[in-house]
Each structure stands twice: as C-alpha cells, then as structure tokens.
1. Using a cut-off of 9 Å between beta-carbons, work out the net charge of the residues near Gln387 (Lys and Arg +1, Asp and Glu -1, Gln387 not included).
2. What does the charge dipole of the stretch 5-139 about its Cα centre add up to, to the nearest 20 debye, if the Cβ of each Lys and Arg holds +1 and the Cβ of each Asp and Glu holds -1?
3. Which whole-angstrom value gives the distance between the alpha carbon centres of the stretch 1-71 and the stretch 328-362?
4. Report the FRET efficiency, 1/(1 + (r/R0)^6), for Ala48 and Glu167, where r is their Cβ-Cβ distance and R0 is 60 Å, rounded to 0.05.
5. Compute the length gained on full extension between Lys154 and Ala206: take 0.36 nm times their separation in residues and subtract their Cα-Cα distance, giving the result in nm to one decimal.
6. Kindly flag which residue pairs out of Lys3/Lys36; Lys326/Lys370; Lys203/Lys275; Lys279/Lys334 have an alpha-carbon separation exceeding 18 Å in this structure.
7. Let me know the charge dipole size of the stretch 117-260 about its Cα centre in debye, to the nearest 20, where only the beta-carbon of Lys, Arg (+1) and Asp, Glu (-1) is charged.
8. Find how much the distance from Asp179 to Ala335 grows on full extension, using 0.36 nm per residue of separation minus their present alpha carbon separation; answer in nm with one decimal.
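Just so it is clear, none of the values below were taken in a lab; they were calculated from the coordinates. None of these values were measured; they are calculated from a predicted model. Every residue, glycine as well, gets a Cβ built from its backbone with ideal geometry; the counts of neighbours run over all protein chains shown.
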Amino acid sequence: MIKRQTYLKKLLPFKDKQLIKVVSGVRRCGKSTLFKLYQEQLLKDGVAPEQIISINLEDLAFESLLDYRKLHDYICARLLPDRKNYVFLDEIQNVLSYEKAVDSLFIKDNVDLYLTGSNAYMLSGDMATLLSGRYVQIEMLPLSFAEYVSAFEKDKNIDRLFQSYLENSSFPYALQLSDLNAIHDYLQGVYSTIVLKDVVARKKVADAAVLDSLIRFMFDNIGNLCSAKKISDTLTSGGRKITSPTVENYLSALTESYILYRVPRYDVKGKNLLKSLDKYYLCDTTLRRLKVASEASDSGHILENVVFLELKRRGYEVYVGQAGNKEVDFVAIKAPNIVEYYQVSETLRDQATLTRELSALETIADHNPKFLLTADITPAESYNGIQKRNVLDWLLSAEA
C-alpha cells in the first residue's frame with residue numbers, strides 16, 4: 001500500500017476540529033485507502049478501535065443504510081457517549097438526502113466526521129448551503145509520479161518509470177496488475193462506472209451514443225482550446241446532432257465526476273478570467289486509450305496534462321494564460337499571493353522552439369517565477385530569470 005503522505009498531511013491537522021472533513025476525487029483514486037491509512041494513524045495515536053465507525057456505502061453489506069434515517073440511527077447506536085467517535089462515510093453521495101444525516105451527526109460534540117465522494121455535485125446546492133463554513137474539502141487525485149516511483153524502490157531508471165507511469169496508469173490499483181491487457185480491462189471498468197453512475201444516471205442521458213462521441217472528442221482534444229459551440233458543430237457535422245446547451249450539460253457532469261478538469265483562460269495583464277474558450281485535461285491520461293486510437297502525435301499534450309495534474313496536487317488554482325497575443329500553458333495561483341507561470345515543451349533542442357516558448361514568458365512584465373519544463377535531459381538553466389528545468393526532476397522535487 002502506497003502511503004499517500006501528501007493527503008495524510010492535509011488531513012491530520014483537522015483531527016478533532018469542528019469541521020466536516022470531505023475527501024473528493026474521481027472513483028478509484030485512493031480515497032478509501034486514505035481513510036484506512038488515517039485510521040491506522042488514529043490507532044497508533046491511542047484511539048481505541050471501538051471509537052472508529054467506518055462505512056463504505058458502495059458495499060452491499062451496508063445497502064440498508066442508503067436511507068439517511070437508517071444510516072443516522074445505525075451510527076448513533078454505536079456512538080460511545082463518553083469518548084470522541086471518528087465516523088467515516090465512504091461514497092456518501094449514494095445516500096439520498098444524506099445531508100440531513102450529516103448535519104445531525106455534525107452537531108454532536110463527540111463526533112469527528114469524515115466523508116468521501118466521487119462527484120463534485122455532492123457539495124453543490126442544498127449541501128453547500130447547509131454546510132457553508134462548516135467543512136473543509138481535500139481534493140484527491142490518482143498517484144503522482146513521485147508516489148508511483150515510491151512503489152519501485154529497487155528501480156532507479158527514472159525515464160523508464162515515467163514511460164511506465166504513462167502507459168500503465170496512475171490509478172493505484174493498476175500497480176497490482178501484471179500486463180497492459182489487464183490494466184485496459186480495469187480502466188474500462190473504472191470508466192464505465194464513472195460514466196454510468198455519475199453522468200448517464202444523474203443527467204438522465206437518453207442518447208448514450210451522442211455522449212460517447214462527446215467523450216471521444218474531449219479525450220482526443222486534451223490541451224486544445226474549445227467551446228461548447230465548437231464541440232457541438234464538430235459532432236453535428238460528423239453525424240451526431242447535439243446542441244451547445246446539451247454539450248455544456250454533459251461537460252458539467254464530466255467535470256463534476258472528476259474525470260475531466262476544465263481550465264479557463266486568464267488574462268495575465270488584466271488579471272481577470274476570459275469568458276470564451278477553455279481547455280480540458282484528464283484525471284489520468286491512460287484513459288485516452290479507451291477512446292483514442294493513437295497517442296503518438298499528442299505526446300506534448302499528454303506531458304502538459306501530467307504537469308497540470310501536478311500543479312493541482314500542489315494546491316494551485318490553474319489557468320491557461322493569455323499574455324497579449326501569446327499563450328502561456330499554465331498560470332498557477334496559490335493564496336495569498338503566489339503566482340507562477342509555466343511553459344511545457346516535450347523538447348527544446350530546436351532553437352526556434354526554445355525561442356518560441358521563451359517568448360511567451362518574456363511577454364509577461366511582472367517578476368513572478370517563470371518556469372520552462374522540458375522532457376530533455378538537460379541541466380537546470382536560466383534565461384533572463386526564466387528557469388528551464390527537466391520535467392521529471394520537477395515532478396520529483398520536494399514541492400510535490
């Protein structure tokens with residue numbers, strides 16, 4: 001079991017704090033494992049086993065608890081009156097009107113409450129209103145490259161491990177599978193569960209073929225600027241008639257299920273978001289193989305995708321930068337006042353490519369850190385303050 005230290009470090013400071021701890025993220029990214037690791041730490045710290053109540057609401061053994069009243073009664077019957085109780089509810093979105101049970105448990109002084117969910121929708125609407133100011137959210141992703149490398153203590157060939165990371169998936173369970181066919185079947189199962197449970201069922205999709213075409217288009221266009229109208233026009237011209245509002249509705253469901261991430265554009269000079277055109281990136285690039293025949297010509301965007309996810313892991317809000325007529329791959333912002341700029345290029349061996357990539361960063365007049373990340377095996381260099389770094393070194397750096 002890989003110790004997800006990054007997330008444990010985020011979770012542990014909130015122990016016994018009067019806040020609901022919500023761990024969200026795509027299905028099978030490791031949320032349940034994180035709870036197990038956290039519970040192990042509680043036991044090491046002297047918490048007795050009977051103080052821990054853990055319920056996975058996708059387990060048939062707990063099917064009767066999908067009614068919020070029965071869930072509430074089941075937990076209350078097991079609470080120790082004279083000690084702190086640590087209550088873990090996995091995949092809470094499966095319980096209809098779960099916010100009523102959550103709110104009732106939250107107001108009990110002897111309950112420390114932890115939830116996971118695989119859909120951002122769970123923290124919208126009534127739930128968000130009910131819990132406003134009373135919860136902290138930790139967004140979880142599949143394995144980082146650094147976490148992946150930690151599973152191969154005897155293999156020091158970082159380049160080979162990175163290719164394995166891209167080919168074999170960052171979903172934790174994939175590490176236990178022996179070949180690409182088994183991994184493909186596993187990913188197909190993960191994908192089908194996400195689409196059927198978090199998109200088709202919730203959005204009541206009537207035409208699954210149109211949704212499949214949309215997903216295929218999005219997977220094939222990670223890192224490309226697009227709009228709902230452009231997508232609808234492209235699909236309609238290809239024989240799959242779909243309106244812009246329907247595209248927006250489906251994209252909303254895909255991003256809420258954490259299978260896709262929407263990245264809006266940011267005007268670097270004006271310091272405001274631009275309304276037209278966004279980019280989308282995948283939670284795990286190997287999912288593309290389920291829908292895209294060849295990835296050979298898109299390795300640059302795949303590398304961008306990896307960098308985007310790493311910036312998300314490090315706690316940044318990430319945008320596509322617009323600096324005049326130049327595009328900056330990522331503007332990374334972290335409160336209260338950290339702003340960083342990133343260009344990602346698979347190779348910079350060609351002088352024209354290096355000049356082009358530097359020019360976008362040189363357009364930015366402020367003095368915030370600027371990084372140029374490349375897969376080239378190259379020492380760190382600086383160009384008028386722009387730091388050129390090997391992307392694998394950056395991924396494995398202590399900032400992760």
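1. Net charge around Gln387: +2.
2. 400
3. One Cα centre to the other: 38 Å.
4. 0.85
5. Extra length available between Lys154 and Ala206 comes to 13.7 nm.
6. In this structure, Lys203/Lys275; Lys279/Lys334 lie more than 18 Å apart at Cα.
7. 440
8. Contour length minus Cα-Cα distance gives 52.0 nm.
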